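*Asks:* Pasting a structure here, questions to come.
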Amino acid sequence: MTLPQQQEPQPRAPAPAAPPSGALLDRRSLTRIAPFALYMAFIAITDVLQRAGWTTAELYWLYPVKAGVVLLALLACWRSYSELAWRGMKAGTVLASAAIGFAVFVLWVNLDAGWMQIGSPDGYQPRGASGQLDWALIAIRIAGAALVVPLMEELFWRSFLMRWIDQPDFLRVQPARITLKALLFTVVLFGFEHSLWLAGMVAGAAYGLLYMRTATLWAPIIAHAVTNGSLGIWVVITGNWTYW
């Protein structure tokens, strides 16, 4: 599949009052790190509570809280995300991004051999006191995975980290000029963020190359959303809850 080349936006003069960018902990970096850091903090909290004796079923309520907190962080920082300014996308780019996202989903559910996994996740299968599935929590889970997570992760992994590796003043790095070193580094880290590490690397490579090719962060966001949304629907239909 040949991706249509996204039209590069015309360079604009920098705002006179814009603060310098480059330091790891300056405002421009922090606004892209903070939502991801909050998401990871909730994963750590879940692990601590499980070690303290909380059951998986008792912790299902944490996901809506996690998704809500991350969403609030994204909204609070929204004006800082210049890469999310909508400049239009060609229909071919949207369709190609969605197709790549679906292909990643297909690979994800098949790259599950024992050596391709880290640990044995419990999965997410929320049930009420009567034993029936809690469809409200399932809907929130799918919405969080398909809408919140792609924004949070693409801002951190692709827009920030992949460019920051090449140049601390990352906002000046054009996606097409990202180096192979930066791509591979983030692909490996993104892979090991997930229990299915090889599938995670495949996804990280697909989203990273898509960003570099189209020069718009919305392309990997769309692909990521399709992957996660398709996975959520597949999990519910097939009952393979460990993939959550």
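The values are calculated or read from the model by the stated rules, or taken from the named source; none is laboratory data. All values reported here derive from a predicted model rather than from experimental measurement. Positions of Cβ are generated from backbone atoms using ideal geometry, with glycine treated the same way; all protein chains shown enter the neighbour counts. Side chains are part of the model used for accessible areas, which takes the heavy atoms of the whole protein and leaves out ligands, DNA and RNA. Shrake-Rupley method; radii C 1.70, N 1.55, O 1.52, S 1.80 Å.
*Asks:* Under the rule of at least 5 residues apart or a separate chain, name every residue whose amide H is placed under 5 Å from the amide H of LEU196.
*Replies:* Long-range HN contacts for LEU196: ILE118.
*Asks:* Please state the charge dipole magnitude for the chain, taken about the Cα centre, from unit charges on C-beta atoms (+1 on K and R, -1 on D and E), reported in debye and rounded to the nearest 20.
*Replies:* 680 debye
*Asks:* Would you mind getting the accessible area per residue of the chain, heavy atoms of the protein chains only, 1.4 Å probe, in Å²?
*Replies:* 51 Å²
*Asks:* Could you pull out every whole DSSP H run in the chain that spans at least 24 Å of Cα extent along its own axis and averages 0.5 or higher on the Kyte-Doolittle scale?
*Replies:* 27-51, 91-108, 197-214, 218-238
*Asks:* So for the range 136-244, taking the charge dipole from beta-carbon charges (+1 Lys/Arg, -1 Asp/Glu), which of VAL188, PRO175, GLY200 sits furthest toward the positive end?
*Replies:* Comparing the listed Cα positions along the dipole, PRO175 ranks first.
*Asks:* Could you check how much of the accessible area of the range 103-184 is carbon and sulfur, as a whole percent, using a 1.4 Å probe?
*Replies:* Percent of accessible area from carbon and sulfur atoms in the range 103-184: 61.
*Asks:* Is it possible to state the helix-based mean residue ellipticity at 222 nm for the chain, with each DSSP H run of 4+ residues giving -39500 (n - 2.57), the sum divided by total residues, to the nearest 500 deg cm²/dmol? What is it?
*Replies:* -17000 deg cm²/dmol, from helical runs alone.
*Asks:* Ordering ILE237, ILE43, ILE138, ILE33 by accessible area with a probe of 1.4 Å, largest first, what comes out?
*Replies:* So, going from the largest accessible area down, we get ILE237, ILE43, ILE33, ILE138.
*Asks:* Skipping prolines and chain starts, which residues have an amide H placed within reach, meaning under 5 Å, of the one on TRP244, given they are 5 or more residues away or on another chain?
*Replies:* Answer set, sorted by chain and number: TYR124.
*Asks:* Solvent-accessible area of ASP134, probe 1.4 Å, all protein chains present, reported in Å² to the nearest ten, please.
*Replies:* My reading of the accessible area for ASP134 is about 50 Å².
*Asks:* GNM on the chain, C-alpha springs below 10 Å: top fluctuator among GLN174, GLN125, GLN50?
*Replies:* Of GLN174, GLN125, GLN50, the Gaussian network model singles out GLN50 as fluctuating most.
*Asks:* Go through (i) 69, 35, 24; (ii) 61, 40, 32; (iii) 51, 46, 33 and flag the label whose value is the computed Cα extents along the principal axes in Å for this structure.
*Replies:* So the calculated entry is the one marked (ii).
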